[in-house]
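Heads up: the structure comes next, in structure tokens.
The values are calculated or read from the model by the stated rules, or taken from the named source; none is laboratory data. Given the structure is predicted, the values throughout are model-derived calculations rather than measurements. Heads up, the Cβs are rebuilt from the backbone with ideal geometry, glycines too, and the neighbour counts pull from every protein chain shown. Heavy atoms of the whole protein, side chains included, go into the accessibility calculation; ligands, DNA and RNA do not. Shrake-Rupley method; radii C 1.70, N 1.55, O 1.52, S 1.80 Å.
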Amino acid sequence: MNHVLAIDIGGTKLAAALVDASGSVLRSATRPTPRQQVMAALEGLIEEVTRDGPEPVAAGIGCAGPLDLAAGAVSPVNMPSWRGFPLRDEVRERTGLPTVLAGDAQCMALGEHWLGAGQRSRALLGVVVSTGIGGGLVLDGTPVLGPTGNAGHVGHMSVDPYGERCECGGRGCVERYASGPNLARWALENGWTPGLASSNRRRPNEPSPDRGAPSSDEVIPDAPSGDARTLARDAAAGDSVAVAAFERGARALAGMIVSTAAAVEVTTAVIGGGVSQAGPVLFGPLEAALDDIGGLGFVRAVEVRPTTLGVRAGLAGAARLAWDYSRSAS
Ligand SMILES: [Zn+2]
């Protein structure tokens, strides 16, 4: 049985696996992304999954962008030590394998199309909602990478030309409304107290329902952090600001999905990334917003689904990329 080497590179984690033609994983390993010497860490990881095993026939890499496909180079926003880093050639030289590169969210979309929630979709949009928002398109089974490899950057699609300035320099980008940190930022700016709704914590001067007034030595637990995970718990517990933050983010996502569907007739949108774990507090308002925003019949027909592969989608897509590359090369 032949295998390919799949590699997924993100700002927090490096992952590698040996994957067969049916998508089964023979071996896999992960390690945290170091701040420096990332290539040395990646080399160790590759050695770990390939040692004494079957020789892979090709390598596929999904890496955080932006990237320069012609040069095979990457400049991940969250990895300052790699700027114009020639990742494809570095991996090719170290492994001796035919090596192919794509964006991490493009790989997520390809993975979901191959083995996950997007199987048999003619036109799939994969969206990763996390610290940032990434995306990828798979049309008629083929990933759309774009001339420089950056197609699918839907997080920086503007849903409000008069909106807030995004970190990318653009205005009204989806990411500004719907990424994890931006959901939490907006909620905090609008009076959210992290963890109050979901943990039944009492404010220090609030009387305890069962023991009367709190004693002076009662320990007040550390305040939960104001992150998107806590925000999701609070929204599920009914916190009105947390609910509003997810409704606002979902509306921005819906605008982007509807626009993408109008442009390339996307039939399926698969949503992954850490924020998608919020579940109904995200997907409920997302469905409602899609219903409100979409007009034309083929746009309204777009089906939104949560990821079924989760964090494994990127590796699956990198494997698929490698398989397609090895077949086209032979
Ligand atoms: Zn932007």
Near pairs, Cβ below 6 angstrom, 6+ apart or cross-chain, from the stretch 22-48 (open to solvent by 60 Å² or more (accessible area, probe 1.4 Å)) to any residue that is not in a strand (DSSP E or B): 27/49; 31/45; 36/81; 43/94
Residue list for the stretch 180-196, restricted to those being part of a helix (DSSP H, G or I) and surrounded by fewer than 20 Cβ atoms within 10 Å (Cβ to Cβ): 181, 185, 188, 189, 196
The stretch 271-299 - residue that is in contact with a Pro (Cβ under 9 Å, 6 or more places away or on another chain) and not in a helix (DSSP H, G or I) and, of those, farthest from residue 106 (Cα to Cα): 279
Failed item in (1) open to solvent by less than 20 Å² (accessible area, probe 1.4 Å); (2) in contact with a Gly (Cβ under 6 Å, 6 or more places away or on another chain), with residue 224 passing the rest: (1)
